Amino acid sequence: MWSSFFAAGGWPMIPTALFGFLLLAASVLYALRSDPRWARATTALGAVTLAMGVAGSVIGICMSLHYLPQVEPPRQLGILALGVEESLHGTLMALLCVTVAGVIAAAGHLRARA
């Protein structure tokens, strides 16, 4: 799964990765500088990253369902399972980015309070 993780997720992985990178950068800047502007940017980019990850997964599942009738009936369930599994890569990547950024931002918040 991990060797083809990015490619299997399809084109929505590109904007998800971009927003995730910006999110991680904003959370590091917040942790280092404790500026409320970076806290707001981190929150907004976290929401956008999650939204893009879920949107990419929904697009992938819709595409899987759209092309499913072209597969012979005995193989449809297996093909659908593979399509859904690959489609969820975007959501997983977004969740990983948000989790790491959340830990970094929490450390920055604790540092600012100390």
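The values are calculated or read from the model by the stated rules, or taken from the named source; none is laboratory data. This structure is a prediction, so every number in the text was calculated from the model and none was measured. Note that each Cβ is placed from the backbone with ideal geometry, even for glycine, and that neighbours are counted across all protein chains shown. Protein only, heavy atoms only, side chains kept; ligands, DNA and RNA dropped before computing areas. Shrake-Rupley method; radii C 1.70, N 1.55, O 1.52, S 1.80 Å.
Annotations for the structure displayed:
- Single condition Leu82 does not satisfy, out of (1) open to solvent by 50 Å² or more (accessible area, probe 1.4 Å); (2) over 24 Å from Ala55 (Cβ atoms); (3) touching a Ser or Thr at 6+ places or on another chain (Cβ under 9 Å): (2)
- Lone unmet requirement of (1) part of a loop (DSSP other than H, G, I, E, B); (2) closer than 11 Å to Val98 by Cβ for Gly20: (1)
- Any hit, segment 45-66, residues being at pLDDT 95 or above and over 23 Å from Gly9 (Cα atoms): no
- Scan segment 58-78 for residues that are open to solvent by less than 60 Å² (accessible area, probe 1.4 Å) and free of Cβ contacts under 8 Å to residues at least 40 places away in the same chain and the total you get is 6.
- Selection count, segment 86-114, where residues are among the charged types (D, E, K, R) and touching a residue at least 40 places away in the same chain (Cβ under 8 Å): 2
- Residue within segment 7-28 that is surrounded by 15 or more Cβ atoms within 10 Å (Cβ to Cβ) and of a type in the set (Phe, Trp, Tyr) present: yes
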